[in-house]
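Presented below is the structure to which this report refers.
The values are calculated or read from the model by the stated rules, or taken from the named source; none is laboratory data. Bear in mind that the values here come from a model prediction, so they are computed numbers and not experimental data. Cβ placement follows ideal geometry from the backbone for every residue including glycine, while neighbour counts extend to all protein chains displayed. For the accessible areas, the whole protein counts, side chains as well, though only heavy atoms, and no ligand, DNA or RNA atoms are used. Shrake-Rupley method; radii C 1.70, N 1.55, O 1.52, S 1.80 Å.
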Amino acid sequence: MKFFANGSDHFQVLLEKQMRENGQHGNVGRLLLKIDGQTISDNIKNRLNSNLAKQIYSLKYHATWFRSAPYWEAKELLNPCPLKSKLIEGESIFAELPLPDFDLNRAQLYKTYLIEFKDEKYFLFIWHHLLFDARGGELFARFIIGEIKSLDRNDVFPDNPKKHWKDLLIDARDSKDFLMTDRGMVINSAADKRGAKKSKIHYKFLKFSREETIRIQKKSSNFIRLVKSPFYLACTAYCFKELLEKRKVDWTSLWMPVPQDQRLKGSIKPVMGNHISYLFFRLKPNDFKDLKSVAQNLKNQMMYQVKQKTTTKYASMMTIFARFPLWFYDFITKGPTHGVFASFFFSDTGLSLNQPNNNNSIKILDAWHFPPANTYPGLTIVYSMFKDQLKLSICHTEDSLSDSEYTTFETKLRNRLLDDET
Amino acid sequence: MDLKIIESELCNFIKENLVAENIDILPETDLAVLGLDSFSLIEIVLFLERKFEIELPDEVLTTENVRTAKNISACAFAESQKN
């Protein structure tokens, strides 16, 4: 079996390289699901033993400079991914979750664990981001535990790219021009790049009740109609700006690439691969008059980029760069910003896991996203919804935020989201 | 301008640009259930503004008004009558 990878997949190799240079871990995503159901272990093993799961487990990534796009190939069907059992006896399940490594020169780019913690059962799905994006990883994990009843080959494997290379080049030129608008600007981020390798990584989670979530959504609607992501990003950026000011940083610019799922709506396909492009948001000190003005500014930036089709164009640029050596891609993406990818990483998974099926024998009782542990810029915030409750996963390093800074950041973020006065 | 034409044009736009091939879009289809996100809703608003040369002000874009193609079309129709 052989098929082409896309530019967004190849971008993950660049992120992998950057994360290995700066930190302890590669570009690995994790999803923890608290589950309830009958004969869980046997069900999961059966699914892992399915032809589809084994095919994905057997795929190896190949980069082929200039001649053609990179591709996936499975020359032989490997044994199924083992389901490892783990008992966690400490006070917190989050602190003791496995974070294994992956070798991109080999296949076997996902791992599964069944975890027991205080008489409760959890399924941990760990994957290299090259194989699935967050949405794809989530869908495949739900299939493996049996919460999604079936996936067929057409749902899982992506089609080969169709766009003509001339159109790709025009899009790529437009995308480069957009990214270079403020060429040379200094981007302020949380962590000092040097020493990041030794920095310990912390994952924290913020969960809001249904009533609190309704209050947050009402506040968001009072500030900006139609969309919630710019409000979430505005709250986060405001707290981040206050963090910089408390450090007495004479900051000049915040830069936030925000991933956008490019799958057509109403469909889960394709599960495999990365199908994300990015919106890019810039904020400068003068933009921070109040929270409402920041939210409206971000919404205007979003509308401008929808009009200009920047996500489609950036995806085209990634497709072209998939044929080039990584250093060239690295130079183009970080060139305009003096080597900084982002002030912090932000994403909003929307409603993707809000209402799990739960009509099968397996039920998902709770879910936690663990985004890849980016040690630089050292702060990642993921907004998601689960059963109509807003959840935040916050990953930070000791280099990016001290314990007291984190506590202040979290408190302020909670207040910014909830309180009418802020 | 006819409300039915707006509904029909909008359903076609959603079907051809935003949702998977096998999804049917009716004026009453709940767009959130289909997974239409913020980005898609902005595309819808921009499509209506361009196509029918109207401006949909922020205050009309309430959750209920953007729930279905029928509701959004009604807003677009109402705005067109003001011009």
>> If the only charges are +1 at each Lys and Arg Cβ and -1 at each Asp and Glu Cβ, what is the size of the charge dipole of region A:2-156 around the Cα centre, to the nearest 20 debye?
In response: 540 debye
> Cα to Cα, under 16 Å, and not fewer than 8 places away if on the same chain: which aspartates and glutamates meet these conditions relative to residue B:4?
Replying inline: B:28, B:79
> Leaving out ligands, DNA and RNA but keeping every protein chain, what accessible area does residue A:414 have, in Å² rounded to the nearest 10, with a 1.4 Å probe?
Replying inline: 70 Å²
> Comparing A:83, A:99, A:264, which has the greatest mean-square fluctuation in the GNM of chain A with Cα pairs linked when under 10 Å apart?
Replying inline: A:264
> In peptide B:27-40, what is the residue-averaged number of other protein chain Cβ atoms found within 10 Å of each Cβ?
Replying inline: 5
> By how many nm would the segment from residue A:20 to residue A:415 grow when fully extended, if each residue of separation counts as 0.36 nm and the alpha-carbon distance is taken off?
Replying inline: 138.7 nm
> How crowded by other chains is A:260-269, given as the mean number of beta carbons from other chains within 10 Å of each beta carbon?
Replying inline: 6
> Counting Lys and Arg as +1 and Asp and Glu as -1, each charge on the Cβ, what is the dipole of chain B about the Cα centre in debye, to the nearest 20?
Replying inline: 140 debye
>> Can you find, among A:168, A:356, A:58, the residue sitting farthest towards the positive end of the charge dipole of chain A, where Lys and Arg contribute +1 and Asp and Glu -1 at Cβ?
In response: A:168
> How do A:408, A:375 rank by accessible surface area computed with a 1.4 Å probe, from largest to smallest?
Replying inline: A:408, A:375
> About the Cα centre of the protein assembly as shown, what is the dipole size in debye to 20, counting +1 per Lys and Arg Cβ and -1 per Asp and Glu Cβ, all else neutral?
Replying inline: 1160 debye
> Roughly how much of residue A:166 is accessible, in Å² to the nearest 10, using a 1.4 Å probe?
Replying inline: 120 Å²
> What is the spin-label model distance, in nm, from residue A:300 to residue A:206 if the labels are put 7 Å beyond Cα along the C-beta direction?
Replying inline: 2.6 nm
> What relative contact order, as a whole-number percentage, does chain A give when Cα pairs under 8 Å and 6 or more residues apart are counted?
Replying inline: 26 percent
> How do A:210, A:30 rank by accessible surface area computed with a 1.4 Å probe, from largest to smallest?
Replying inline: A:210, A:30
> What relative contact order, as a whole-number percentage, does region A:1-149 give when Cα pairs under 8 Å and 6 or more residues apart are counted?
Replying inline: 31 percent
> Which listed residue (A:100, A:343, A:178) has the Cα farthest towards the positive end of the charge dipole for chain A, taking +1 on Lys and Arg C-beta and -1 on Asp and Glu C-beta about the Cα centre?
Replying inline: A:178
> Say each of residue A:154 and residue A:324 gets a label point 7 Å from the Cα, pointing the same way as Cα to Cβ; how far apart are those two points in nm?
Replying inline: 3.7 nm
> Along the positive direction of the dipole of region B:3-82 (beta-carbon charges: Lys, Arg +1; Asp, Glu -1; about the Cα centre), which of B:3, B:38, B:19 reaches farthest?
Replying inline: B:3
> Could you state the number of Å between the C-alpha centres of region A:209-236 and region A:1-15?
Replying inline: 34 Å
> Expressed in whole Å with the largest first, what are the equivalent ellipsoid semi-axes of region B:3-82 derived from the C-alpha gyration tensor as the square root of 5 times each eigenvalue?
Replying inline: 19, 13, 11
> Largest first, what is the accessible-area ranking of A:271, A:249, A:186 with a 1.4 Å probe?
Replying inline: A:186, A:249, A:271
> Convex hull volume of the Cα atoms in region A:254-358, per residue, in Å³?
Replying inline: 146 Å³
>> Once each part is reduced to its C-alpha centroid, what is the distance from region A:311-360 to region B:1-75 in angstrom?
In response: 27 Å
> Using the beta-carbon distance between residue A:186 and residue A:39 and R0 = 41 Å, what value does 1/(1 + (r/R0)^6) give for FRET efficiency, to the nearest 0.05?
Replying inline: 0.10
>> Can you give me the distance in nm between label points at residue A:357 and residue A:91, each placed 7 Å from the Cα along the Cα-to-Cβ direction?
In response: 3.9 nm
> To the nearest 10 Å², what's residue A:399's accessible area with a 1.4 Å probe?
Replying inline: 60 Å²
> Based on the alpha carbon coordinates of the protein assembly as shown, what radius of gyration and maximum Cα-Cα distance (Dmax) apply, in Å?
Replying inline: 22.5, 68
> Relative contact order for chain B using alpha-carbon pairs under 8 Å, separation at least 6, rounded to a whole percent?
Replying inline: 40 percent
>> Only Cα pairs within less than 10 Å get springs; with that Gaussian network setup on chain A, which residue of A:247, A:106, A:282 has the largest fluctuation?
In response: A:247
>> Under 10 Å, Cα contacts only: if you run a Gaussian network model on chain A, which one of A:199, A:92, A:229 comes out with the highest mean-square fluctuation?
In response: A:92
> What average count of beta carbons from other chains do you get within 10 Å of the Cβ of residues in B:54-61?
Replying inline: 2
> Given the protein assembly as shown, what percent of its DSSP beta bridges are antiparallel, to the nearest 5?
Replying inline: 80 percent
